Every structure is written in C-alpha cells, then in structure tokens.
Amino acid sequence: MEARKENIKFLIPHREPFIMIDNLTDVSPTKFESIFFVCSDNIFVRNEILQEPALIENIAQTCAAGFGF
C-alpha cells in the first residue's frame, strides 16, 4: 500500500506549499507511516534548519492521510 505525492492532495485538505508528506507508505489499524523530503525552499526552513512546526504538520497530515486512505 502506498499513496504517492501526486495523490496525497486527494487525502488531505492541504495544498502546496503546505503539504508536509511526500508518500504515505503504510496504513494499518495500529499505525500510519509517511515519507517527507525536506527541500531548501520549504516554508518551514529558516537558516537551513527545518523548524518544529513542519514536524507537527507532518504528524497531523500523516494521520489525516491515513484516515483518508
């Protein structure tokens, strides 16, 4: 089971540049897993460091995408 980046927008309400999931890699009754690649142009990168809100968004979006899947 996998949902790729081009299909994530059908699972969550977020749109670029605010999408913090690249692939949803695993969905089961007990867990959701995603992959998130950090690019230098990410809105949460400051001084070449990913800021904490990006991780919170990744967790929330992974959960939403998992339930949406």
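The values are calculated or read from the model by the stated rules, or taken from the named source; none is laboratory data. These numbers come from a predicted model, not from an experiment. Note: ideal-geometry Cβ built from the backbone for every residue, glycine included; neighbour counts use all protein chains shown. The protein model used for the area step is the full one, side chains on, heavy atoms only, and it has no ligands, DNA or RNA in it. Shrake-Rupley method; radii C 1.70, N 1.55, O 1.52, S 1.80 Å.
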query = If you take the residues in the stretch 1-48 that are aromatic (Phe, Trp, Tyr) and under 12 Å from residue 69 (Cβ atoms), which one is modelled with the highest pLDDT?
reply = 32
task = Output the residue which, of all residues in the stretch 1-19 that are aliphatic (A, V, I, L, M) and within 19 Å of residue 54 (Cα to Cα), is most open to solvent (accessible area, probe 1.4 Å).
result = 11
ask   = in contact (Cβ under 8 Å) with a residue 12 or more places away in the chain and open to solvent by 40 Å² or more (accessible area, probe 1.4 Å): does that describe residue 32?
value = yes
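Take the stretch 39-49 and flag every residue that is within 14 Å of the chain's Cα centre (by Cα) and surrounded by 14 or more Cβ atoms within 10 Å (Cβ to Cβ).
Answer for the stretch 39-49, where residues must be within 14 Å of the chain's Cα centre (by Cα) and surrounded by 14 or more Cβ atoms within 10 Å (Cβ to Cβ): 42, 44.
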request  = Would you point out the residue of the stretch 1-38, among those that are in a loop (DSSP other than H, G, I, E, B) and in contact with a Phe, Trp or Tyr (Cβ under 7 Å, 6 or more places away or on another chain), that is farthest from residue 57 (Cα to Cα)?
outcome  = 11
